[in-house]
Each structure stands twice: as structure tokens, then as C-alpha cells.
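Here the structure comes first, spelled out in C-alpha cells, and everything after it is commentary.
The values are calculated or read from the model by the stated rules, or taken from the named source; none is laboratory data. Note that this is a predicted model, so its numbers are computed, not measured. Backbone-built Cβ (ideal geometry, glycine too); neighbour counts: all protein chains shown.
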């Protein structure tokens with residue numbers, strides 16, 4: 001495509017302007033890749049990442065496993081990438097981050113290709129690329145790996161589909177239609193939300209590549225671009241049918257006041273600040289997946305700037321409002337889907353999470369271009385007004401300053417979020433300490449207690465139990481018996497510690513002076529000083545045995561058979577139910593146990609494991 005020097009830009013003699021522009025774009029993409037590499041490699045897995053990986057570990061790679069929904073999402077691409085990470089040796093963050101980085105570099109290059117396909121190789125296209133590359137609106141989804149394997153491929157697919165779709169609408173070549181369909185299918189392979197690309201393409205075709213009234217535009221598209229209409233309808237309907245048959249149905253939350261807060265926060269705060277370089281400040285909860293927390297004056301200033309950008313385009317150019325309507329419509333659909341799928345009790349907080357709006361930024365970039373730049377080969381392209389409603393153009397220095405302000409703000413906001421992710425994610429030290437101790441001690445009998453709250457919150461119960469992640473974190477070296485003579489548990493930092501009992505109730509003092517409660521092959525009931533209520537308990541029996549022997553412990557609804565060892569030891573048994581005594585029986589003939597104490601309670605970290 002021949003390129004001429006951008007208007008009002010002086011190019012030194014002997015320098016090809018097109019090549020200089022491409023060099024500049026290349027430097028921007030490389031700088032962006034370096035920045036994203038720093039941000040990504042300093043992070044680690046978090047919450048859903050472990051669930052996605054452990055599900056991949058539990059089931060062999062098959063078509064069925066790829067099509068298994070995850071939390072309402074149909075994401076075979078993400079499951080396939082999880083298999084790649086596991087094949088590299090398990091919890092290898094370098095591999096996981098590299099996959100996301102490669103997708104992000106591809107998305108950045110695709111963004112430039114799309115912009116140049118739509119608006120040509122110009123400084124306007126470079127400006128839009130700069131906004132995309134620097135915005136923090138896409139950063140939270142980038143750091144959380146499970147979100148990244150949805151969001152980044154969707155951005156890549158959107159850029160490719162819109163760029164190829166525009167070329168098809170302009171040139172009518174079927175190869176570009178096939179590229180468009182393939183791009184959408186790639187997006188759908190990673191995230192069902194890519195289906196929104198289809199109405200986006202439809203809006204682009206209806207609003208810019210056809211003329212006349214609504215019916216005339218529709219007739220034109222049906223007559224001249226009917227293959228696109230047919231393929232788009234088949235793809236959308238086919239995918240919808242597949243999704244509804246495969247994925248569990250989520251959403252349908254009742255309309256609650258918190259959902260109103262979700263909409264207000266998502267649109268007014270998260271989108272409003274994120275699209276112009278914000279949010280500049282992040283909240284301190286929940287770490288590390290913090291939400292936006294811009295000052296009120298910053299949010300208000302952001303909307304003043306947005307209003308000025310929209311108004312200036314209308315005052316200086318024709319056919320601009322349709323671009324902003326398309327952006328508003330897409331934003332409304334995305335926020336509506338968030339309310340439907342994730343609204344309810346936590347809706348207000350979710351509205352402050354940019355990862356739910358990560359695909360809105362590419363649409364905002366496209367719509368800004370449609371409002372301010374000539375769309376190649378489009379009859380409905382925006383154009384300068386013959387008689388501008390605002391006669392005086394904005395000073396070039398002001399425009400450059402605002403663009404730089406938005407870009408610098410986005411970089412600063414992104415860096416601040418990355419630092420939070422680097423320094424406050426508790427999962428890496430927790431799992432690292434656990435794996436180091438397992439490597440040092442070998443296989444360990446562990447109480448199946450809840451993982452530290454900061455690592456997997458109690459909100460995820462029962463999926464917050466340690467056994468849930470045993471195969472992924474422990475490489476088969478974590479055992480969870482219901483009875484053992486050496487019970488361990490995890491400290492809050494993930495290190496292995498001896499188990500101690502946080503006492504709920506204990507046994508009465510035994511009658512034998514130097515033995516406590518004497519247990520023989522006939523068994524013995526040992527009364528407690530109170531009653532343990534209906535619950536899951538750990539029972540610790542401190543004993544001195546004359547020889548090794550099988551033994552059975554009965555308490556509440558549980559009857560557990562295990563072994564005792566000769567000498568002075570302790571026995572830990574997990575039981576369920578309510579009880580006020582413990583029955584010990586099943587010793588071999590001639591075996592005797594002196595039970596000094598029986599403790600009933602919950603397991604807590606004790607001394608160092610040896």
C-alpha cells in the first residue's frame with residue numbers, strides 16, 4: 001500500500017516515511033512486549049489457575065476434557081494451554097507467562113494490522129495503537145492466568161476479524177471473509193465471549209459500508225455481501241446451540257441493589273478512568289487481584305475528557321455519533337453480561353474489576369478511529385464538516401499533550417498494578433515453602449485442613465481444602481489418612497509443622513495412678529469432661545503400648561481401625577458426629593495400652609516437623 005507523509009509532519013530528506021512509520025510501530029510493540037514481560041514474569045499462579053491446572057492433571061487430554069466447561073465458560077483453548085503448562089513440568093510459571101506474552105505480542109501486532117487496514121498507515125493509527133498498548137484496562141486480565149487465556153486470545157481474534165472483515169467489505173474477496181470467520185472461530189475456541197465479534201462486524205458493515213435508510217442498508221448488504229450474512233448467522237447460531245448444550249447455565253441473578261452498584265462502578269469508574277489512562281490508584285483489597293480506586297476528582301476529570309473527545313469529534317466531523325453509539329452499545333452488552341453471570345451479593349465490588357471489561361478497550365480504539373479518521377473504502381466514513389460547528393481546531397500541542405498524558409497514565413497505572421501482583425500474591429511463597437519441605441521430608445501424613453485464607457479463601461469451600469490441590473502441589477507426596485501416628489499440618493506460610501490439637505474437650509482423669517486409662521483386648525470406654533457437638537473432629541490419643549497391635553477407635557458416627565506402636569506414642573484419628581466418650585477396642589490378646597489423655601478438637605500448627 002503506497003504511503004504518503006502524514007499531514008503536517010515534516011520528513012527529513014532521504015528517509016522513506018512509510019518505513020520510518022513502521023520502524024516506529026515496531027519499536028512501540030517491542031517496548032510494550034518488554035514492559036509486559038517484566039510485569040508477567042514477576043507474577044505467579046492464583047486461585048482459578050490452580051483449579052484449571054488440577055483439572056487438567058486429573059483427566060487425560062481428550063475431546064471431552066477440552067469441551068468440559070469451567071465455571072460456566074467454554075474454553076477449550078485455555079484447557080489446551082493448561083496441558084502445555086503441565087507438560088513442561090507442573091507449576092512452571094515461566095512457561096505459563098511466556099504463552100500469555102506470545103499471545104499478547106501477536107495481539108499487539110494484529111492491532112496495528114487492523115488499524116492500518118481500517119485507516120491506513122498514519123499517525124492517527126499509531127496514536128490509537130499507543131492507547132491500546134499503554135492502557136491499564138487490559139492489565140488485570142493479563143496477570144491472572146486463567147483470565148489471560150480468555151481475554152488475550154479474544155483481543156487477538158477481534159483485531160484479526162475486524163481487520164479482515166473490513167477488507168472483505170471493501171474488496172469483496174472471499175479469502176478475507178474466510179479469514180474473518182477463522183479469526184472468530186479462534187476467539188470462540190478460547191472464550192465464548194468472542195461471539196460478540198459477530199454483531200460488532202455487523203454494526204461496522206451496516207453503519208459504514210452501506211448507504212441510505214435502515215432498510216436500504218440491509219438490502220444492500222444482503223445483495224452484495226450475502227455470504228458474510230449467511231456464514232455469520234450459521235456460525236453464531238451453531239456456536240450458541242453448542243454452548244447451550246455443553247456449558248452449565250449460570251446467571252439469572254435477581255435484580256439487587258448491588259447490581260446497580262456494579263453498573264455504576266463498571267461504567268462510571270472502571271471504564272471511565274481506564275480508557276483515558278487510569279485508574280492511577282488501585283484498592284488494597286482483595287490482594288493481589290485488586291480493583292480500581294481512583295480519586296473522585298480523577299474520575300470526574302476522566303469523564304470531562306471523554307465528553308470533550310466525543311463532542312469535539314461531533315463539532316468538527318460528520319458521521320461520528322454512530323461510532324460512539326456502537327461503543328456504548330458494546331459496553332452495555334458487556335456490563336449486562338457481567339451482571340447476568342457474576343452479579344448478586346458481590347456485584348458492586350466486581351464492577352471495580354477491569355478484567356470484566358478487557359475486551360471493551362479494543363472496541364473503544366476502533367470506535368475512536370471511526371469517529372476521527374477516514375475509513376478506507378467506506379461510503380459512511382466520517383469526514384470533516386464543510387462548515388465546522390467549532391471553527392477553531394484544537395492546538396496540535398494540546399492534542400499531543402493529551403495523548404501523552406493518557407499513555408503515561410496508562411503505563412504508570414499498569415506498573416502499579418504489576419507491583420501489587422508481584423509483592424502481595426501469597427500463593428507463590430505458600431506453595432514454594434510446602435514443596436521445599438516435601439522435598440526435604442518426603443511423603444507426609446497431613447490433616448486435610450483449609451488452605452490459608454489468602455491463598456484460597458473460605459468463600460471457595462469445599463474447594464479450599466488442602467487435598468483438593470494435593471496432586472498439583474505435592475507430586476504424590478501428600479497423604480490424608482483418617483488415622484496416623486505422625487500427623488502434620490501446614491503453617492500459614494505453607495511450611496510443614498507438627499499437628500497440635502486446639503482443644504475442644506478432653507478426657508476425664510484416668511483411675512489408674514501410673515497408667516490413666518488401662519485398655520486391654522476387652523476394650524475401654526474413656527469418658528470426656530464434656531460433649532463434642534456434631535462436627536468433624538480430630539481425636540488425639542496419648543498412649544503407652546506394651547506391643548504393636550491393631551486397634552479400633554469409635555467416636556460419634558465413626559469407627560476407625562488402625563495400629564498402635566510399642567512404647568510411648570500418640571495417635572491421631574479423624575471422626576465425625578457428636579459424642580461424650582471414646583471407645584478404644586480391638587487390641588490383640590496380651591496387648592495393653594495406658595491412655596494418658598484423649599483430646600478432641602481441631603488441628604493447628606505445632607512445632608517443627610522432623
Tell me, which helices (runs of 4 or more DSSP H) lie completely within the stretch 174-248 with 1 or more residues that are over 25 Å from residue 360 (Cα atoms)? 174-190, 214-224, 226-246
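Table: residues versus (1) closer than 30 Å to residue 493 by Cα; (2) in contact with a helix residue (DSSP H, G or I) (Cβ under 9 Å, 6 or more places away or on another chain); (3) assigned by TED's automatic domain parsing to the domain that holds residue 354.
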{"position": "386", "(1), (2), (3)": "no, no, yes"}
{"position": "390", "(1), (2), (3)": "no, yes, yes"}
{"position": "393", "(1), (2), (3)": "no, yes, yes"}
{"position": "402", "(1), (2), (3)": "no, yes, yes"}
{"position": "406", "(1), (2), (3)": "no, yes, yes"}
{"position": "410", "(1), (2), (3)": "no, yes, yes"}
{"position": "413", "(1), (2), (3)": "yes, yes, yes"}
{"position": "416", "(1), (2), (3)": "yes, no, yes"}
{"position": "433", "(1), (2), (3)": "yes, no, no"}
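Yes/no per residue for (1) more than 21 Å from the chain's Cα centre (by Cα); (2) in contact (Cβ under 8 Å) with a residue 40 or more places away in the chain; (3) in a helix (DSSP H, G or I):
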position	(1), (2), (3)
19	yes, no, yes
23	yes, no, yes
27	yes, no, yes
35	no, yes, yes
40	no, yes, yes
44	no, yes, no
56	no, no, yes
Surrounded by fewer than 18 Cβ atoms within 10 Å (Cβ to Cβ) and farther than 25 Å from residue 441 by Cβ - does that describe any residue in the stretch 602-610? no
Limited to the stretch 58-70, what total is found for residues that are touching a residue at least 40 places away in the same chain (Cβ under 8 Å) and part of a loop (DSSP other than H, G, I, E, B)? 2
Could you say which residue among 370, 350, 357 is buried (at least 17 other Cβ atoms within 10 Å of the Cβ), under 22 Å from residue 207 (Cα atoms) and touching a helix residue (DSSP H, G or I) at 6+ places or on another chain (Cβ under 7 Å)? 370
Of 180, 224, 127, 220, which residue is within 25 Å of residue 272 (Cα to Cα) and assigned by TED's automatic domain parsing to the domain that holds residue 94? 127
Contact list, first residue from the stretch 553-577 and touching a residue at least 60 places away in the same chain (Cβ under 8 Å) and not assigned by TED's automatic domain parsing to the domain that holds residue 532, second anywhere and surrounded by fewer than 18 Cβ atoms within 10 Å (Cβ to Cβ) and assigned to a strand (DSSP E or B), beta-carbon distance below 6 Å, six or more apart or interchain, is none
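Rundown of residues vs (1) surrounded by 15 or more Cβ atoms within 10 Å (Cβ to Cβ); (2) more than 25 Å from residue 44 (Cα to Cα); (3) over 20 Å from the mean Cα position of the chain (by Cα), yes/no style:
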residue: 445; (1), (2), (3): yes, yes, yes
residue: 455; (1), (2), (3): yes, no, no
residue: 465; (1), (2), (3): yes, no, yes
residue: 489; (1), (2), (3): yes, no, yes
residue: 500; (1), (2), (3): yes, yes, yes
Listed residues 262, 331, 327; which is in contact with a helix residue (DSSP H, G or I) (Cβ under 7 Å, 6 or more places away or on another chain), part of a helix (DSSP H, G or I) and at pLDDT below 95? 262
Which residue, of 533, 460, is outside the structural domain of residue 596 (by TED's automatic domain parsing) and either at pLDDT 95 or above or out of contact with any strand residue (DSSP E or B) (no Cβ under 6 Å at 6 or more places or on another chain) (or both)? 460
Would you call residue 379 touching a residue at least 40 places away in the same chain (Cβ under 8 Å), within 30 Å of residue 212 (Cα to Cα) and either outside the structural domain of residue 129 (by TED's automatic domain parsing) or surrounded by fewer than 19 Cβ atoms within 10 Å (Cβ to Cβ) (or both)? yes
Would you mention how many residues in the stretch 475-491 are part of a loop (DSSP other than H, G, I, E, B) and within 27 Å of residue 534 (Cα to Cα)? 7
Using the structure shown, decide if residue 398 is over 25 Å from residue 355 (Cβ atoms) and either without any contact (Cβ under 8 Å) to a residue 60 or more places away in the chain or in contact with a strand residue (DSSP E or B) (Cβ under 9 Å, 6 or more places away or on another chain) (or both). yes
If you go through the stretch 119-126 one residue at a time, do you hit one that is in a helix (DSSP H, G or I), out of contact with any helix residue (DSSP H, G or I) (no Cβ under 7 Å at 6 or more places or on another chain) and within 14 Å of residue 28 (Cβ to Cβ)? yes
